[in-house]
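Beneath this line is the structure, given in structure tokens, with notes to follow.
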Amino acid sequence: MRPTPTLSSALSESAPLIADLSAVTFLDSRGLRTLLLMQRNADLRRARLIIVPSVEIAALIKLGTAEVLTVRPSLATAMLAARQDNPAARPHGDATAPT
């Protein structure tokens, strides 16, 4: 199983891709494998993939993939992390921007 071209094309060096899985209640090994393949694609493209899991799938994603996948507990924290990684995505004068 390979990630769809749409997901692969969404990865770029210029902006992190946030996979909001907060409404997902079930993830099997195929879904986990797809996330790992997406991470590998992100690494090859020097892009960043951020995963936002639901409570139901968080333990599965963290089990054995904590060092591989970037996981954030909420969409808000994922978006903040993405903004901090991508200076072009920050509004001018953003107080959260690192100096």
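Ranked by the mean number of other Cβ atoms within 10 Å of their residues, highest first, the peptides 22-33, 43-54 fall in the order 43-54, 22-33. Along segment 26-39, what does the Karplus equation 6.51 cos²θ - 1.76 cosθ + 1.60 (θ = phi - 60°) give for ³J(HN,Hα), rounded to whole Hz, x for Gly and Pro? Taking θ as phi minus 60°, the curve returns 8, 9, 9, 5, 5, x, 5, 4, 4, 4, 5, 5, 5, 5 Hz for segment 26-39.
For segment 41-55, putting each phi into the Karplus relation 6.51 cos²θ - 1.76 cosθ + 1.60 with θ = phi - 60° gives couplings of 4, 4, 4, 5, 8, 6, 10, 10, 10, 10, 9, 10, x, 6, 4 Hz, in residue order, rounded to whole numbers and with x for Gly and Pro.
Taking amide H as placed 1.01 Å from N in the peptide plane, Ile51 has its amide H under 5 Å from the amide H of Ala19, Thr70, Val71, Arg72, each at least 5 places away in sequence or on another chain.
The numbers here are math on the coordinates, done by the rules we state, and not lab data. Note that this is a predicted model, so its numbers are computed, not measured. Cβ atoms come from the backbone with ideal geometry, glycine included; neighbour counts cover every protein chain shown.
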